[in-house]
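Written out below as structure tokens is the structure these notes cover.
The values are calculated or read from the model by the stated rules, or taken from the named source; none is laboratory data. All values reported here derive from a predicted model rather than from experimental measurement. Neighbour counts are summed over all protein chains in view; Cβ atoms, including those assigned to glycine, are modelled from backbone coordinates with ideal geometry. Heads up: the accessible areas ignore ligands, DNA and RNA and are worked out on the full protein's heavy atoms, side chains in. Shrake-Rupley method; radii C 1.70, N 1.55, O 1.52, S 1.80 Å.
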Amino acid sequence: MSVLVVGSVALDSVETPFGKADDVLGGSATFFAASASHLTKVSVVGVVGSDYPTEKLEPLKKRGVDFSGLEHAEGESFRWRGRYRHDLNSAETLETRLGVFSHFSPKIPEKLRSCPYVFLANIDPRLQLDVLRQVKKPKLVACDTMNFWIQSRRPDIIELLGHVDLMTLNDAEARQLTEKANVVQAAQWIMARGPRHVIIKKGEHGAFMFTEKTIFFAPAFPLESVFDPTGAGDSFAGGFIGYLAATGDLSEANMRRAVVMGSVMGSFAVEKFSIERLMTLTRAEIDQRVKEMRKLVTFEEEIPA
Ligand code: AMP
């Protein structure tokens with residue numbers, strides 16, 4: 001079953017303690033698609049400017065990602081410039097240039113309107129709402145956001161919550177959105193406004209999935225070295241939604257498996273700059289890491305005294 005993702009298609013310039021990259025492929029929709037393409041068919045809706053190196057999308061196209069909904073507009077592509085210092089869990093945004101996204105009005109091609117899984121990746125919540133007015137009864141709609149939009153468009157995000165089944169965000173964003181210091185209370189605040197599921201990611205400390213009655217936790221895969229954390233969140237979402245779409249099962253047990261797949265895909269994304277690692281990844285490597293995740297969290301039920 002297929003997934004529709006709407007989000008930023010960007011050129012990123014990133015600085016980490018280990019190196020620097022300029023104008024590399026980035027954006028929430030790009031990372032999401034690169035990750036989900038290992039599990040299911042993905043279609044991207046977004047916009048790029050006249051300066052965008054479209055030939056660099058070829059490896060994604062070869063992986064089956066559908067870009068028929070990607071608009072090409074006159075002007076500058078979305079650009080994000082960020083830096084990570086030694087705390088690789090939090091990005092410092094140095095510059096966000098919306099470029100062609102500031103006048104973008106998403107038009108979902110007719111054939112994509114009935115995609116059963118829709119991911120509203122991080123982008124202006126007004127565009128996320130616009131997309132929801134065009135799609136036809138998806139099986140699952142999930143959304144993401146970030147500090148930039150919480151600061152400037154909080155009322156729109158709150159409106160969006162009334163129309164989505166699931167929200168993913170990191171712990172700092174959850175605190176900023178809900179004004180609750182405690183993540184459990186933050187998740188309850190979000191669920192009270194619409195979504196039945198909330199995933200709160202805590203970087204290298206793993207991710208929680210909350211429902212009204214249950215809480216599930218999956219660790220982040222403990223990597224010996226994290227090279228560039230950019231895109232971890234979107235790759236997590238791509239693994240999570242991609243797994244749900246591939247299995248077509250929205251039971252609690254399967255959603256827990258999907259969280260583990262999200263964590264595994266996020267862990268690959270951070271091994272190199274941009275989507276580089278996701279482009280060389282094989283199914284065998286994914287399966288192996290899922291197995292290692294299982295070993296990481298399995299223990300005997302009765303702990304001897
Ligand atoms: P994450 O998965 O949270 O690390 O997201 C990383 C991606 O988010 C980068 O590739 C950026 O291009 C993109 N990004 C940064 N700021 C924004 C923004 N305000 N709106 C949409 N996408 C953004």
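Quick notes on this structure:
- Filtering segment 97-142 to residues that are touching a Leu at 6+ places or on another chain (Cβ under 6 Å), closer than 16 Å to Gly162 by Cα and outside any helix (DSSP H, G or I) leaves Val118, Ala142.
- Boolean, Glu224 is farther than 21 Å from Lys291 by Cα, more than 13 Å from the chain's Cα centre (by Cα), at pLDDT below 95 and not in a helix (DSSP H, G or I): no
This table checks each residue for (1) open to solvent by less than 40 Å² (accessible area, probe 1.4 Å); (2) part of a helix (DSSP H, G or I); (3) out of contact with any Ser or Thr (no Cβ under 9 Å at 6 or more places or on another chain); (4) in contact (Cβ under 8 Å) with a residue 24 or more places away in the chain.
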| position | (1), (2), (3), (4) |
| --- | --- |
| Trp149 | yes, yes, yes, yes |
| Arg154 | no, yes, yes, no |
| Ala174 | yes, yes, yes, yes |
| Gln185 | no, yes, no, no |
| Ile199 | yes, no, no, yes |
| Phe208 | no, no, yes, yes |
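- For Ala237: the one exception among (1) aliphatic (A, V, I, L, M); (2) more than 16 Å from the ligand (Cβ to nearest atom); (3) in contact with a strand residue (DSSP E or B) (Cβ under 9 Å, 6 or more places away or on another chain): (2)
- Residue within segment 268-284 that is touching a residue at least 40 places away in the same chain (Cβ under 8 Å), of a type in the set (Lys, Arg), within 16 Å of the ligand (Cβ to nearest atom) and open to solvent by 20 Å² or more (accessible area, probe 1.4 Å) present: yes
- Subset of segment 54-65 that is of a type outside the set (Gly, Ala, Ser) and free of Cβ contacts under 8 Å to residues at least 40 places away in the same chain - its residue that is surrounded by the fewest Cβ atoms within 10 Å (Cβ to Cβ): Glu55
- Looking across segment 96-119 at every residue that is away from the ligand (no atom under 16 Å from the Cβ) and among the β-branched types (Val, Ile, Thr), the one that is surrounded by the fewest Cβ atoms within 10 Å (Cβ to Cβ) is identified as Ile108.
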